C-alpha cells in the first residue's frame, strides 16, 4: 500500500495511515511525502507506486494536491496503474481529486449561487463525475448544484462522512457506510441561469434529477440509472 499525504500539512499524516493499513492487514505500507513538484519526479517514489497493489490519497487541501501533483510523472503513473486495475482510494480532498473535474472550493449552504464554486482539473480517474465530501455534515448541497450548473456533462455525488463509494471498471458505483450519497443528475437539465446570473445571485435550474442512496445501493454513471439494493448481494469483500 502506498499513502500519498500531499494534501495534509501535518507531518505524521502519512505514517498514521500506514500504521492503520498495517493494522487492517496490509502486507506493507509506505508513505510518500510529496511536498513539492520536484518530489513527484523522484524515481524511488515512482517505483513504489509501480510496485503498489493499492494507492491511498489522504485528506487536507485539494488545491495542494492539484498544484503539486497535476501534470507530474506521479499523476500520470497513478492513472496508468488505476487503468491496469490497481485500486486508488482517497478521503476528503483525496476523494475530491479523483474525477476529471474537482471542486476546489465553495461556500456552504443549500442554495445554488453564481460565483460561489471554483472548479479545477482533477486526476481524471473517474469520467463524467464530480465528487464532494463531508456532504450533509457541512451543508454542501448548494455548491454541488452550482457545480453541475456549469455543464450537464457530469453527474455530481455528495458523499457523507462514514460513507464510501466503490466504482468499478464499468463505472458502476456502490454505496457502503452509515450515511447517504446524494446524486445530482443534470442529464435532462432544461435550463440553467448560470450564464446570465450575477455574482452571488441564486440560480435557476430546471429539470435536475435527485437521488438519495444508502448502504448497498448502486448507480451507473454511464447509464445514469440508480438501483436500490433490495437484497442484491454486495460486490465489496468484507
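The values are calculated or read from the model by the stated rules, or taken from the named source; none is laboratory data. In this text the structure is predicted, and so the values were computed from the model without any measurement. With ideal geometry, Cβ positions are generated from the backbone for all residues, glycine too; neighbour counts draw on all protein chains shown.
Determine whether residue 74 is at pLDDT 95 or above, surrounded by 20 or more Cβ atoms within 10 Å (Cβ to Cβ) and more than 15 Å from the chain's Cα centre (by Cα). Spell out how you get there, then give the answer.
Working: at pLDDT 95 or above: yes; surrounded by 20 or more Cβ atoms within 10 Å (Cβ to Cβ): yes; more than 15 Å from the chain's Cα centre (by Cα): yes.
Yes: the conditions hold for residue 74.
Go through 41, 62 for me and flag whichever is within 30 Å of residue 152 (Cβ to Cβ) and either buried (at least 20 other Cβ atoms within 10 Å of the Cβ) or at pLDDT 95 or above (or both). Lay out the reasoning, then the answer.
Details: 41 fails: within 30 Å of residue 152 (Cβ to Cβ).
62 is the lone residue from the list that is within 30 Å of residue 152 (Cβ to Cβ) and either buried (at least 20 other Cβ atoms within 10 Å of the Cβ) or at pLDDT 95 or above (or both).
Residue 205 is checked against (1) at pLDDT 95 or above; (2) out of contact with any helix residue (DSSP H, G or I) (no Cβ under 7 Å at 6 or more places or on another chain) and fails just one. What number does that condition carry?
(2)
For the stretch 1-30, give me each residue that is in contact with a helix residue (DSSP H, G or I) (Cβ under 7 Å, 6 or more places away or on another chain) and crowded, with 21+ Cβ neighbours inside 10 Å. Before you say what the answer is, go through the steps one by one.
Pass one, the stretch 1-30, residues in contact with a helix residue (DSSP H, G or I) (Cβ under 7 Å, 6 or more places away or on another chain): 1-3, 5-7, 29-30.
Of everything in the stretch 1-30, those that are in contact with a helix residue (DSSP H, G or I) (Cβ under 7 Å, 6 or more places away or on another chain) and crowded, with 21+ Cβ neighbours inside 10 Å turn out to be 1, 2, 3, 5, 6, 7, 29.
Can you find, within the stretch 187-200, the residue that is farthest from the chain's Cα centre (by Cα) among those that are buried (at least 16 other Cβ atoms within 10 Å of the Cβ) and in a loop (DSSP other than H, G, I, E, B)? Full working, then the answer.
Going residue by residue through the stretch 187-200, those that are buried (at least 16 other Cβ atoms within 10 Å of the Cβ) are 189, 192, 194, 197.
After this cut, where a residue has to be in a loop (DSSP other than H, G, I, E, B) as well, the list is 189, 194, 197.
Details: 189: 23, 194: 24, 197: 28 Å.
Filtering the stretch 187-200 for residues that are buried (at least 16 other Cβ atoms within 10 Å of the Cβ) and in a loop (DSSP other than H, G, I, E, B), the one farthest from the chain's Cα centre (by Cα) comes out as 197.
Taking the conditions exactly as written (closer than 20 Å to residue 139 by Cβ, surrounded by fewer than 22 Cβ atoms within 10 Å (Cβ to Cβ) and touching a strand residue (DSSP E or B) at 6+ places or on another chain (Cβ under 9 Å)), does residue 178 satisfy them or not?
On the way: closer than 20 Å to residue 139 by Cβ: yes; surrounded by fewer than 22 Cβ atoms within 10 Å (Cβ to Cβ): yes; touching a strand residue (DSSP E or B) at 6+ places or on another chain (Cβ under 9 Å): yes.
For residue 178, the condition - closer than 20 Å to residue 139 by Cβ, surrounded by fewer than 22 Cβ atoms within 10 Å (Cβ to Cβ) and touching a strand residue (DSSP E or B) at 6+ places or on another chain (Cβ under 9 Å) - is met.
For a quick check of your reading: which strands (runs of 3 or more DSSP E) sit entirely within the stretch 84-186 and have at least 3 residues that are out of contact with any helix residue (DSSP H, G or I) (no Cβ under 9 Å at 6 or more places or on another chain)? Step through it out loud before you land on a result.
Values: elements: 87-90, 101-106, 117-121, 129-133, 155-159, 163-167, 172-177, 181-185.
Filter on the stretch 84-186 gives 163-167, 172-177.
In the stretch 44-59, which residue that is surrounded by fewer than 19 Cβ atoms within 10 Å (Cβ to Cβ) and out of contact with any strand residue (DSSP E or B) (no Cβ under 6 Å at 6 or more places or on another chain) is nearest to residue 17 (Cα to Cα)?
The qualifying residue nearest to residue 17 (Cα to Cα) is 53.
From 114, 129, 96, 104, grab the single residue that is more than 30 Å from residue 36 (Cβ to Cβ) and touching a residue at least 12 places away in the same chain (Cβ under 8 Å). It would help to see each step written out before you state the result.
Numbers: 129 fails: more than 30 Å from residue 36 (Cβ to Cβ); 96 fails: more than 30 Å from residue 36 (Cβ to Cβ); 104 fails: more than 30 Å from residue 36 (Cβ to Cβ).
That would be 114, the only listed residue that is more than 30 Å from residue 36 (Cβ to Cβ) and touching a residue at least 12 places away in the same chain (Cβ under 8 Å).
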